[in-house]
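Single-structure report; data block below.
We did not get these values from a lab; they are worked out from the coordinates using the rules stated. Model, not experiment: these values are computed from the prediction. When we count neighbours, we look across all protein chains shown, and the Cβ atoms used for this are built from the backbone with ideal geometry, even at glycine.
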Amino acid sequence: MNEQINNNITAYTPVIFFILTAGYFIWLGEYVLFFQEQEALFLYSGEYLKEFLARPGGAAEYAGLFLTQFYYHPAMGAIILAAVLTLAAFLLLSTGKRIGADPFFLSVTFIIPSCLLLLMQTHYYHLMVYNLGYLAVLAAFRLTAGKGGKPVIIPAALLFVLLYYTGGGFAWIFLAMCVISMAMYSKRKSGYLQTALLIATGGLTLYISRYLIFTEPTEILLTNPLPLVNDTRHRILYYFLTIVVILYPVAARIEIKKRWGSRFAGHIRSLSAPACVLAAIILVLTLYNPQTAKVIKFQKLVSDKEWDTVIRLHESSPSRNLIGQFYYNLALAETNQLSNRLFSGKQDFGPTSLILPWGDVHLNRGGLFYYSTGLINEAHRWAYESMVIYGYRPQNLILLAETNLINGNYRIAVKYLSLLKQSFNYRDIALQYEKLLDNPEDVMAHPRLGEKSALRPVLTDFFIDTEFPQRNIPMLLESNPGNIKAFEYKIAWLLLTKEVEEIVSLIPRMKEMGYTAIPRHVEEAALVYSNFTGSLPDLGGFRISDGTRTRFGNYISAYNTIVQNPSADRAIIDRFDNTFWYYLHFY
Amino acid sequence: MNRIRVSPTETIFTAIAFIVASCGVTDFDNVTVTEAIPAISPDYTGVTIPPNIAPMNFLINEEADYFRVEVTSSAGEKLSISSRNGIVRFPERKWRKITGSSPGGDIQLKVFAYDREEQKMRSFLPFYMYIAEEPIDPYLVYRKIHPGYYSWYRMKIVQRSTESFREESIVENQLLDHNCINCHSFNRNDPETFLLHVRGSRGGTYFAGENGLIKKELRIDGMPANATYPSWHPSGKYVAFSANAVRQSFYAHSDNNIEVFDLESSLVLYDVENNSISQPGDADAVEYMQTFPDWSPEGGYLYYSRTRKPDFEIDAENIKTIGYDIARRPFDPATGLFGEPEIVFDASGLNKSASFAKVSPDGRHLVFTLHDCGTFPVWSSEAELCLLDLQSGEFSKPDIGSDDTESYHGWSSNGKWLVFSSKRKDGVSSRPYFSYFGSLSKPGKPFVLPQKDPSLYDWMLKSFNLPELVTGEVSIGPRDFERASEKESLRALPVENMVTPAE
C-alpha cells in the first residue's frame, strides 16, 4: 500500500511541477517570455537555417529559437517551457530505470535537474536552447546506456559526434557522463581502452572541427551554446546542474536505502521529490525581481504602443530603473504630455532618462527617442546597428521597415518586410505594411507613419550630434518649426536641467505651436522665474492658472516649514513631488 | 498582344518539353508569341560576358506555371532548362560548353511560359548574351559586410570563383576578436601578394607574400592616422598609403544618409623590403589632403585625389564646397623619391569631387568616381564612373551607370574587364558588376556577378565591398590570419625624406 502511495507521488510530482511552472510563467514570469521572444526572430527560410548549421550547437540554437517564437503567446509559451523542463525529469527516470538505478535514489532525485533548470530559467537570459541542451544530453545518455549503467562504446561515440554538431558544448557534458560511467563500471582492460577511445573521439572531433571544418574560435567550438550567463547565481546553478547530470549515472547506482534504514526510507522517498519542487517554487518566488519585471513589461507595452498604460503603471508603481523611466518619458512624449506631466512619475536620472546615450547597451531602445521626434534617419540608424550587432529582432526589423517606408526607400523596405513575412508572429504586420510600398500617399495617411513623416526635418539639413544628442532638438526645431514633439522634448530637457530662464523664454512660441494653455510644469517654472525676478515672463497671451498659483503658494509655505524646521514631517513637502518646484529643490 | 501561330516543329518540340516538365500537360494548340523579351532578374539581357563566367542563372519574373528556356550558342551548341518556379539554373558543365564554344559570338535565350489553367503557352522574343573573347580573372575578392554606420559584428573577406559558385573565406573577423578587417589590396591582381588591415586588439597591416603572412605596424610619429587606403607599386617594393583621420556623420534629412569625410589625410610610402615608411613634408602634403593613391602600371606615377585643407569645421552644408581633384606625381622607384604634383582632372572646377582613380593596365586610361562633394562616394547616390584618356585628357562617362551609387572599381589583369560596386538594385547594398571594355567608346552592358540562387540579390542585405579581381586562388585562409595575429607586429621604421625638390 505504502509502495503504491510512493509510486503515485513519484508519478504526480512531475505533473505538479509542470502545473506550477506553467502557472509561474503565465502570471509572474511572463516578462521572461516576452524578453526572450523579442531577443531574436525565428524565420522560416532555408538561408536562416543555413546560418545555424554552419557552427557546432547551431541546430540546438535553431530548435531553441523555434520554440521561443511561441512565447509570443504567454500561455502557450509557458506551457511549452514547463513541458520542456518537466521532460528532463522523465528522461532521468527512464535513464535510471535503464541503468538499474537504486529505486529509492531515483524517486528522491529525479526531479532535481528540472528544479535546477526552473531556477535558472528565472533569469531572463536563460534561453530555451540551454534547456534543450540538457535534454539532449540526457536523451543521448539514455540511448547509449547499457543495462549495467555502462554506455555502449560505438553508439556513445557516434552520438557524441552527432551531439557535438547539433548541441555543441553540451556534447562535452555527455562525454563526461559516458567517460565517468565507463571508468566506474569497467572492470576489464577492454573497458579502459573503450574509455580512452571515447576521450580520443572527443579530442579528434574537436581537432577536425577546429582545423578542417569550422572557422570559429576555439572557445566557441568548446563552449557554444552552454549557458554561460554573466550572473553569479545563474553560473553557480549551471555548474551545480552540470555536476549533477554528469555524476547522476554513477550516483544512481549507489544503494542509499540500505544505509538510511528502511524505517524512514518510505517517508523520505514519498516526500523528497514534492519537497524539492516546493523548495524550487519558493526559491523562484523569492528570486522574483519586480523591478526587472516592470522594465520588461514597460518594454512590451511600448512595443504595443500602449502609452497610457505605461504612464499609469509608472505613476502608480514607479520604476526606479533608467530604462523604465526612459519608457515613461517616451510614453509622455508620444501623447504630448511631457511638459504637463513629466514630474507625475519619478525622474531619478535627470535628463539621462530623456535621451539614452549612444552605445551597445541601449541600442535596442535608444532610437525610439529619435523616432518619436521625427529624426527618422537616426532612428533607422539605431535599428540598423541593432540588427547588425544582435541579428534580426522583431522590433529592429519593424522599425527598419517603418523608417524606410517613411523615407520612401521602398526597395529596401521590401527586404525587411520579406524577412518579417518569413516569421510566424509578424507576418500580418508585414502584409499590412506591404500595401504601403510605392504609395507615398498611403504612407502619409497611415496614422503612425504619417505622423512621424510630418515631424521630419524639412527646411535645413544637419549632421546628427551623437555625442550630445540633446543638441539635435533645437536643430530639428529649426528645420521643422512645427514639430511639437521636438518642442515638448526641448521643454522637458530644460525642466530636467533646471534651466528656468530658457523654459520661460519658450512660452511666447506656444500659441503658434498649437497650445491652448501653458503646460502645467511650464507654469510652475514661470512662477519660479517670477519669484526670482519679481515679474512674470512674457506669457505670449496666456495666463497662469489660478490652481497653479494656489499650489505655488502652498508649496512655498511647505518649503519654508521644512527649511526652518528640518525635523518637520517631510510629508508636507512630499505631496508636491509631482511638481517642477519639488524637482528643482530636492533633485 | 499579337497571337501568332508558331511553326509545327517548334510547337512539337516545345510540347514535348512541356510534357516532360509539367507532368501530363498535353494540349499546346493555344500558343502565342509575346512581342517582348521576358522580364528577368538579374537583368542579363544584352550583356557582354566573358567566356569563362559562371552560369548566368536568373529568375523569370513572368506569371506562368512552367517555364522552358532554350539556349543556343552561335556555334550551334544547345541547352534547354525547365523550371516550375521561374528560377533558371544552368548546369555548370553544360553552361561551360555553351559559352566556351562561342568566344566572340553570342548565345540566344528563348523563354517559353505555360499557363496550366488556361492551357496556354507563350513564347517570348529571344534575348542575347554576347561572349567576349577575353576571359575574366578567375577569382573575385570582396568583403561581405552590412553596409553602413558604426557597428559590425561579423565580417569576412572572401574569394569567389568567377567561373563557378564556389566561395571561400580568406579572413573572418570572429577569429580576430571580431575586430574590423578592411582595405584588402592585391599587387596587380596577384593572389599571392596582398595586404589588408585589421583594427583593434589584433590590429596591424597583414602582408601576404613570399615570406608568408606577416603582421606589421605601419603608423609612425607624425602620421595623422593609421595607414588606410593602399596601392601596391608594380615592382612590389613599395606600397603607397593614404593615412586618413576619418569621421562619419549622419544626415538628419531623409534624402541623405551618411557622410564620411577626412579631418586629415596625407600620403605615405611604405618600403616593403626595408620595412620603412616615409612621409612627404612638401607643400602638397601641407596644403592639401591627399587620399586614394593608385600607381600607374609601370610605376612611374602615383595618382591620387586631393583637396585643399578646409579652414572650417565641416558640417552638413559646407561639405558641399569640398571637391577633390585627381593629381599625380612622378616617382623614381630606384630612389623612392617623388617629383612635383600636377592636376590630372580638375573635378573641383566642375563643382564636383573625384575619388578612386584607377589606371588601366595598359596605362592609357583612368577610371574614377565622380560625385558631388567630399571624399567618400559610397553613400552618394549621384556617384558615377568616369573615364579619362590619359593621353588626350578627354573625359567621358561610359554608359554603364544607373540612378544609384557606382563607386569602387578595379580592372582585370588583361584590362578588358572592369568590376565595380553598384547599388542600383536597392540603393543601399553594393553588388559587384562587370563591364567589358573591349572598346572604350562602347563598353559592354554591365552584369552582376551570377549566383547559384538568382534571387540572392533580392533578399540579401549585406554588401559586396571592394571587389578586386585576382588571377588565381588565394592560398591563405582564416586560420593563417589567426596565427599571424597572435604574433608581435613588425614595426615600420621612419625615413626622413621622400621628396625631391624637382623632377
Quick one: Cα centre-to-centre distance for region B:375-390 and region A:430-480, in angstrom? 29 Å
Explain nothing, just the number: dipole magnitude of region A:292-454 about its Cα centre with +1 on each Lys and Arg Cβ and -1 on each Asp and Glu Cβ, in debye rounded to the nearest 20. 400 debye
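Could you size up the charge dipole of chain B around its Cα centre, putting +1 on the beta carbon of Lys and Arg and -1 on that of Asp and Glu, and report it in debye to the nearest 20? All intermediate terms of the calculation are to be shown ahead of the outcome.
Working: 51 positive and 69 negative charges, 316 e Å.
Dipole size: approximately 1520 debye.
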Taking other Cβ within 10 Å of each residue's Cβ, how do B:F447, B:F112 sort, fewest first? B:F447, B:F112
Please report the spacing between the Cα centers of region A:499-550 and region A:56-126 in Å, no decimals. 61 Å
Cα long-axis angle, helix A:30-39 against chain A (0 to 90 degrees, to the nearest 10): 90 degrees
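Could you work out [θ]222 nm for chain A from helices alone, using -39500 (n - 2.57) per DSSP H run of at least four and dividing by all its residues? Round to the nearest 500 deg cm²/dmol. Kindly include the intermediate steps, with their values, before the conclusion.
Details: 34 runs with 407 residues, N = 587.
Calculated mean residue ellipticity at 222 nm is -21500 deg cm²/dmol.
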With Cα atoms, 0 to 90° folded angle of helix A:128-144 axis to chain A main axis: 10 degrees
Under a 5 Å amide H to amide H cut-off, with H placed in plane at 1.01 Å, what residues pair with B:F90 once short-range neighbours are removed? B:N57
Could you derive backbone 3J(HN,Hα) for region B:385-397 from the dihedral phi with the Karplus parameters 6.51, -1.76 and 1.60 (θ = phi - 60°), listing whole Hz in sequence and x where the residue is Gly or Pro? 8, 10, 10, 10, 7, 6, 8, 8, x, 6, 10, 9, 10
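Calculate the mean, over all residues of peptide B:146-154, of how many other protein chain Cβ atoms lie within 10 angstrom of the residue's Cβ.
5
In percent, how large is the relative contact order of chain B, given Cα pairs closer than 8 Å and 6 or more residues apart?
On the way: 1320 pairs, mean separation 74.1, N = 503.
It rounds to 15 percent for chain B.
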The ³J(HN,Hα) series, computed from each phi in region A:70-87 with the Karplus coefficients 6.51, -1.76 and 1.60 at θ = phi - 60°, rounded to the nearest Hz and given as x for glycine or proline, is 7, 5, 3, 9, x, 5, 5, x, 5, 5, 4, 4, 4, 5, 5, 5, 5, 4
Between region B:171-212 and region A:160-187, what is the separation of their alpha carbon centroids in Å? 39 Å
Using a ≥ b ≥ c from the Cα gyration tensor of region B:62-165 (square roots of the eigenvalues), is it rounded, prolate or oblate, where a/c under 1.5 gives rounded and otherwise the larger of a/b and b/c decides, a/b for prolate? oblate
Going by the alpha-carbon gyration tensor, a ≥ b ≥ c the square roots of its eigenvalues, is region B:139-493 rounded (a/c under 1.5) or, if a/c is not under 1.5, prolate (a/b greater than b/c) versus oblate? rounded
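Starting with the fewest neighbours, write out B:V367, B:V158 ranked by other beta-carbon atoms found within 10 Å of each beta-carbon.
Values: B:V367 22, B:V158 19.
Starting with the residue having the fewest Cβ neighbours, the order is B:V158, B:V367.
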Between B:V495 and residues 5 or more places away or on another chain, the pairs with built amide H atoms under 5 Å apart involve B:I277, B:S278, B:Q279
What's the exposure ranking of B:S265, B:S123, going from fewest to most Cβ atoms within 10 Å? B:S123, B:S265
Quickly estimate the mean residue ellipticity at 222 nm for chain B, helices only: each DSSP H run with n ≥ 4 gives -39500 (n - 2.57), and the total goes over all residues, rounded to 500. -2000 deg cm²/dmol
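Given the peptides B:35-42, A:100-107, arrange them by the average over their residues of other C-beta atoms within 10 Å, most packed first. Write down the numbers at each step before the final one.
On the way: B:35-42: 17.1, A:100-107: 19.9.
In decreasing order of mean packing, B:35-42, A:100-107 become A:100-107, B:35-42.
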Measuring from the longest principal axis of the C-alpha atoms of chain A, the long axis of helix A:410-421 (C-alpha) lies at a number of degrees, nearest 10, equal to 40 degrees
Can you run phi through the Karplus equation (6.51, -1.76, 1.60; θ = phi - 60°) for region B:78-91 and list ³J(HN,Hα) in whole Hz, with x for Gly and Pro? 10, 8, 10, 10, 10, 8, 8, 10, x, 7, 10, 10, 8, x
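To the nearest 20 Debye, how big is the dipole of chain A about its Cα centre, given +1 on the beta carbon of each Lys and Arg and -1 on that of each Asp and Glu?
Numbers: 50 positive and 44 negative charges, 608 e Å.
So the dipole magnitude of chain A works out to roughly 2920 debye.
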Taking a ≥ b ≥ c as the square roots of the Cα gyration tensor eigenvalues, with a/c under 1.5 meaning rounded and otherwise prolate when a/b beats b/c, else oblate, which class fits region A:117-159? prolate
